[in-house]
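Presented below is the structure to which this report refers.
The values are calculated or read from the model by the stated rules, or taken from the named source; none is laboratory data. What you see is a predicted model; the values in this text were computed from it and never measured. All Cβ positions, even for glycine, are placed from backbone atoms using ideal geometry, and neighbour counts span all protein chains on display. Areas reflect the complete protein model, heavy atoms only, side chains present, ligands, DNA and RNA absent. Shrake-Rupley method; radii C 1.70, N 1.55, O 1.52, S 1.80 Å.
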Amino acid sequence: SSGINAEWPLRPGSCAIFKSKYQLLHYVAVIICLSGVGIMVFVDSHEKESLIGDLMVVCAAVLYGINNVCLEWLAKDIGTYAYLGIYCWYGLVISGIQMAILEREALYSATLR
């Protein structure tokens, strides 16, 4: 994969699983991202709430990277159309569950025409 994105924590895993080769620019981008995270955590370290938020952002980036690597593996394993179908199906199910939980009152009060 090319470009700069939030997969920086999983580049070694992607290299090991997919035998991917990355250019020097990718590694420079990783260093820039890690430096930015380090500076952000250092600047916000005096406030506990900010530190928790920073850790949540780092965890979200790691989970996003895991998601991208898993989806890349799935797409290579089963094919593009099957991958898109499965991805859309799970998106529909998860969105439906979230809607049933978070928008329950709006669903009850809705009228169908």
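Assorted remarks:
- Length gained when the stretch residue 78-residue 48 is fully extended (0.36 nm per residue, less Cα-Cα span): 6.3 nm
- Counting only protein heavy atoms and a probe of 1.4 Å, the accessible surface of the chain is 70% carbon and sulfur.
- The chain: radius of gyration and largest Cα-Cα distance (Dmax), Å: 19.3, 58
- Per residue, in Å², the accessible surface of the stretch 65-113 once ligands and nucleic acids are set aside, probe 1.4 Å: 86
- Per-residue extension of 0.36 nm, minus the Cα-Cα distance of residue 102 and residue 32, leaves a gain of 21.4 nm for this segment.
- With a Förster radius of 35 Å applied to the C-beta separation of residue 21 and residue 59, the computed FRET efficiency comes to 0.80.
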